[in-house]
Amino acid sequence: MGEPVCTGGLAVPMNKATSDGGSSSGEARIDALEYLQSIVDTVREPLLVLDSRLRALSANRSFCRTFRVSPQETEGQFLYDLGNRQWDIPRLRTLLEEILPQETALEDFEVEQDFPGIGRKVVLLNARRLRQEGAERILLAIEDVTERRRAEKERQAVETRFTALVKNIKDHSIFSLDPEGRITSWNVAAEHILGYTEAEVLGRHFAFIFTPEDREQGVPEAELRAGREQGHAEGERWYLRKGGERFWALGIVSALHDAEGRLTGFSRILRDMTDWRRSQQALQASEQRLRRMLNVDGVGVLIFDGSGTLVDANDAFLKMSGYGREEIEARVLAWPVMTPPEHRAESERQMGLLAETGRSGPYEKEYFRKDGSRSWMVFAGASLGDGTVVKYCVDVNARRRSEEALRESESRFRTMADGLPLIVWVHDAEGRQEFVNQTFCEFFGVSAEEAAGDSWQMLMHPDDAGAYVREFQECVQTQRPFHAEVRVRASDGQWRWIESWGRPRFSAGGAFLGFVGTSADSTERKRAEDAQRRSEARYRELVHNANSAILRWTPKGTITYFNECAERIFGYSASEVAGRHVSFLVRDQESLRRDLPGLVDAIACHPERQESNVTENLCREGRRLWMAWTNKPMFDAEGRFVEVLSVGTDITRLKAAEAALQEADRRKDEFIATLAHELRNPLAPIRTGLDLIEALSGNPTAREEPLQIMDRQLSHLVRLIDDLLDVSRISRGKVRLRKERVDLEEVIAAAGEMSDSGLRRGDRQFSVSVPSEPLVVEGDRVRLVQILANLLNNAVKFTGADGRIDLRATPHGERVEIQVQDDGLGIPRERLDTIFEMFSQTEPGRGGGLGIGLSLVRGLAELHGGTVCADSEGPGCGATFTVSLPLWRSAPVQSTAEEARTPGALPAHRRVLVVDDNRDITEGLRLLLTMWEAEVRVAHDGAEAIRIFEKWPPTHVLMDIGMPGMNGYEAARRLRANHADHAFRLVALTGWGGDEDRQRAREAGFDEHLVKPVRVARLKAVLSR
């Protein structure tokens, strides 16, 4: 091993390879440098390694931390450039550039320098030159002694002050101690204050000057410890003189150090403060007494100086005002500042009074609180004679609020009392009237002053006054509520009844103050009560004799009242039913007993509404009837539910009507089903006929039968629709008969022809028997034919293919009877009474039609002054229908033949405009009219018809009514208005066939009104005119 290299007190061992070199010298050198670096990093003081050119090779962590630089900012940098050139120190340049090159090491070179960002530092620099393999290194160690130098300066300053103090202060005991607390010096003031000579105390521990209790608690040792640790300690306490007398003193102990900072002892100073202590205690006691005197809750005390500035105040005022002692100590409060402007004049007057008399107040004003709010206070003041003023104040906000509340309460009371429609009065404890409202004055026609005292007694009726006053005086004596009625003379001079109520008044302490009461004009009520008594008597009589059954029964069902109508309806007397359960009047008694609690609950829970129910009831003789009951709860004076009032009406007939209505509804449903069936029946053969025509298009002879079938079924459909419309017209009274004298033989022939296809089908036999003499009736030929045709069709429906149908006409005096008899299915005897009603069928669903034909027969017969009836022995026995009509006794009528058909083509030059929104209809008519050699144009709405007419004027217009856009009525009016000079016939061809429809068509300008479907002969006849 080689010699160690010293680095500021550190010895770095250098091995042989390091000093001598060799093949492994490089690795050894690296190891040595790493070893050196690790040592440098562990040193707590800042170290810096420089090369010979003063460039930093490395710096330990302490250097970087102390001078706030990073290794990257240090390594390779010129020393004087480090940290904003903070190391560019002239004396350091001299050390490193001039002295160190001549010396191996320099130690404890002190430098004081301001380091940016760190502050002023005092450092000791130690530098050492190192050489290794021809390279020179400089190890610079830095020791921060800033705090050490500062402490030394402070110690020197203390020692200087201490010396001066010892020399110049005569009233302070000053002595010194060694580090263990033994006295080493003793001044003259110490001998005077403590009573000991220097010879008596030198070498003694200073604890003897402390009281036994302080010595026991270790106070002397604590002072020395504080001096050693903190350098200085002081405090006030009791000490002992030589004779054992205690005195109060301020003690100060300071640590003493030598130049090296080593503790050399302590200085101890005592200042006798006994007299001051006693005066302070007396002053504090006096102040405490004064503050206790002044700190009375609720009474504020303020002390102002001559300028009006607040210099002191007690806690009560601070609590009132919200200010703190810091504002008082800052002298920022003065009475003008705390006084609102509107109160300052009064405050100045009071301050002037205070200056003149030495006293002021009491007076009230508002004061500003700290938060800016205001507070009402009562002030009184006194002068203390030295320009200082003391003022006392009491917060009266609560009192003022109470007074204001009282005033507002009295005002509200008076306003409310004056606004009440009732008479309001207040009496004192002696019964004298001290307040009345405006209503009192207006009612009696007196002023409030005139009503005061006992004068109110003079307003009463002489007959009532004595009892009323005695009752009132007794209530005053017993202090109990008052209530009475009396007659008084009103302002109009009339005697009127009033009802009075009074309640006693008491103070907060419970003292009786009198009465407050109200009175109300009860004249009308008294009259109403009399009227009510009379009304109740009439009501009892009315209820007893009412036309409705009236019962009263308890919530448990016990009957308590039964009026005469109930007796008549049910056959029981009131005495017989009293006390019995209400269920005995009901058919289903068990059900009522079971449901009664629920009914009672519903009645009681909803008194505002009436609970209604319908029951089947039993009478005494076992007869049943339906009753509709309305139930209402009855309450006693306390509001308890005590009874149920039930009012019942006999609705037996109404129930029967409902049943009839339900039966009619059932018939309606059957009718709708049957109507659908009846309408489908003729549609099927029409559809089949069309198919056959298409299939037999090449065989005209074969097509004749399908055409006949289609014609019959179409006629049947038309009859169905006509019958429906006729029934509706008859029920509404809209049928108008075109009466004329008609021979019944012609009517019978026409009816037979209409029903011929059914009468001749199969082997059915049909016979007609008519007298030889004419049977003339006055009537509508078409409607009479309709009557007989419906009867014949009805007979065909219910008679077999091999059956027999007979039609006979027989005169009987002034009337003629026409009978249609068959041997078909017959009619049940119980159905004979209803067979002529709407939708009535003997056996629904058995092909009996819609059930309207016979109803139509009866309606038309009655319109002709006739009757119709049916008879049958029952099912399978056939039926006979008889129509009776009045005869016309005069000359026979000329027979009229049916309008002849016009064969072949229409007259020449027929131009026909067909208008219908149904394109199938317009196309069919176009083909038919073309076949009749007419010129044809078609339109599908009213507007299009008008346009065609302008270009192509027709001789005839066939027009539908119900079309979209412009309907047929409007189109007809416009055609007539636009072409008044053109001759043409306007024909309505529509599905609307009522009398009102025909009238509207005429008013719109139509010449003819044809109802769809129209027969070809009728259409050709119209177009031929």
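Diagonalising the gyration tensor over the Cα atoms of the range 149-278 and scaling each eigenvalue by 5 before taking the square root yields semi-axes of 24, 16, 14 Å, largest first. Once the C-beta distance of M458 and F506 is scaled by a Förster radius of 35 Å, the resulting FRET efficiency is 0.75 to the nearest 0.05.
Counting Cα-Cα pairs of the range 545-650 in 10 Å increments starting at 0 gives whole-percent bin shares of 15, 52, 29, 4, 0. Specify which residue in the list V424, T478, F435 is farthest towards the positive end of the charge dipole of the range 404-527, using unit charges on the beta carbon of Lys, Arg (+1) and Asp, Glu (-1), about the Cα centre. So the residue we want is T478. Every pair of different Cα atoms in the range 329-425 enters the Kirkwood calculation, which places the hydrodynamic radius at 16.1 Å. Modelled label positions at A382 and E499, each set 7 Å beyond Cα in the direction of Cβ, lie 6.6 nm from each other.
Around R129, under 10 Å between beta carbons, what's the net of Lys plus Arg minus Asp minus Glu among the other residues? Cβ neighbours under 10 Å give a net charge of +1.
Sorted fewest first by neighbouring Cβ atoms within 10 angstrom, D463, D588, D822, D650 come out as D463, D588, D650, D822. Here's the list of aspartates and glutamates a cross-link from K632 could span, going by alpha-carbon distance under 14 Å and ignoring same-chain residues fewer than 8 apart: D601, E608, E611, E643. Averaging over all projection directions, the Cα-based convex hull of the range 246-358 occupies 13.4 nm² in the image plane.
Over the range 376-526, all Cα pairs binned in 10 Å intervals from 0 give whole-percent P(r) values of 10, 32, 26, 12, 8, 7, 4, 2, 0, listed from short to long. Computed from the Cβ-Cβ distance with R0 of 56 Å, the FRET efficiency linking E356 to F413 stands at 0.75.
Among W495, W425, the order by Cβ neighbours within 10 angstrom, fewest to most, reads W495, W425.
Peptide packing for 911-918, 181-188 was compared via the average number of neighbouring C-beta atoms within 10 Å per residue; ordered from the highest value, the list is 911-918, 181-188. Name all residues of the range 96-122 having a backbone nitrogen under 12 Å from the label point set 7 Å from the Cα of E73 along its Cα→Cβ direction, giving them as ranges. The answer is 116-118, whose backbone nitrogens lie closer than 12 Å to the label point.
Can you bin the range 444-486 into rounded, prolate or oblate? Criterion: square roots of the alpha carbon gyration tensor eigenvalues sorted a ≥ b ≥ c, rounded for a/c under 1.5, prolate for a/b above b/c, oblate for the rest. Taking the square roots of the gyration eigenvalues as a ≥ b ≥ c, the range 444-486 is oblate. Charges were assigned to the Cβ only: +1 to each Lys and Arg, -1 to each Asp and Glu. The resulting dipole of the range 222-287 about its Cα centre is roughly 260 debye. Run through the range 245-326 and list the GluC sites (Glu not before Pro) located in a DSSP loop whose Cβ has at most 13 other Cβ atoms within 10 Å. For GluC sites (Glu not before Pro) across the range 245-326 that sit outside H, G, I, E and B with at most 13 neighbouring Cβ atoms in 10 Å, the list reads E245, E260. Computed about its Cα centre, the charge dipole of the range 404-527 is approximately 360 debye, with only Lys, Arg, Asp and Glu carrying charge at their Cβ. Backbone N atoms of the range 224-266 closer than 15 Å to the 7 Å Cα→Cβ label point of M273 belong to residues 233-239, 247-253.
Over the C-alpha trace of the range 53-95, radius of gyration and Dmax come out as 10.1, 27 angstrom.
Placing +1 on the Cβ of every Lys and Arg and -1 on the Cβ of every Asp and Glu, with no other charges, gives the range 545-650 a dipole of roughly 180 debye about its Cα centre. Using +1 at the C-beta of Lys and Arg and -1 at the C-beta of Asp and Glu, which of L986, I961, P907 has the Cα lying farthest in the positive direction of the dipole of the range 897-1025? Working it through, the farthest residue towards the positive pole turns out to be P907.
Here L263, L792 are placed in order of increasing Cβ neighbour count within 10 Å, fewest first, which gives L263, L792. The simple spin-label model puts a point 7 Å past each Cα toward its Cβ; for R262 and E236 those points are separated by 4.0 nm. Does a label point 7 Å from the Cα of Q477, set along Cα-to-beta-carbon, have any residues of the range 505-528 with amide nitrogen under 12 Å, and which are they? Answer for the range 505-528: none. Checking the Cα-Cα distances for K739/K1012; K319/K391; K797/K1012; K319/K370; K370/K391 against a 21 Å cut-off, the pairs over it are K739/K1012; K797/K1012.
Relative protection proxy for 445-454, 428-437, from highest mean packing down: 428-437, 445-454 (other beta-carbon atoms within 10 angstrom). A cut-off under 10 angstrom between Cβ atoms defines the neighbours of I142, and their net charge, with Lys, Arg +1 and Asp, Glu -1, is -2.
Each reported figure results from applying straightforward, stated rules to the coordinates on display, with no laboratory input. Remember, predicted model here, so these are calculated numbers, not experimental data. Cβ atoms come from the backbone with ideal geometry, glycine included; neighbour counts cover every protein chain shown.
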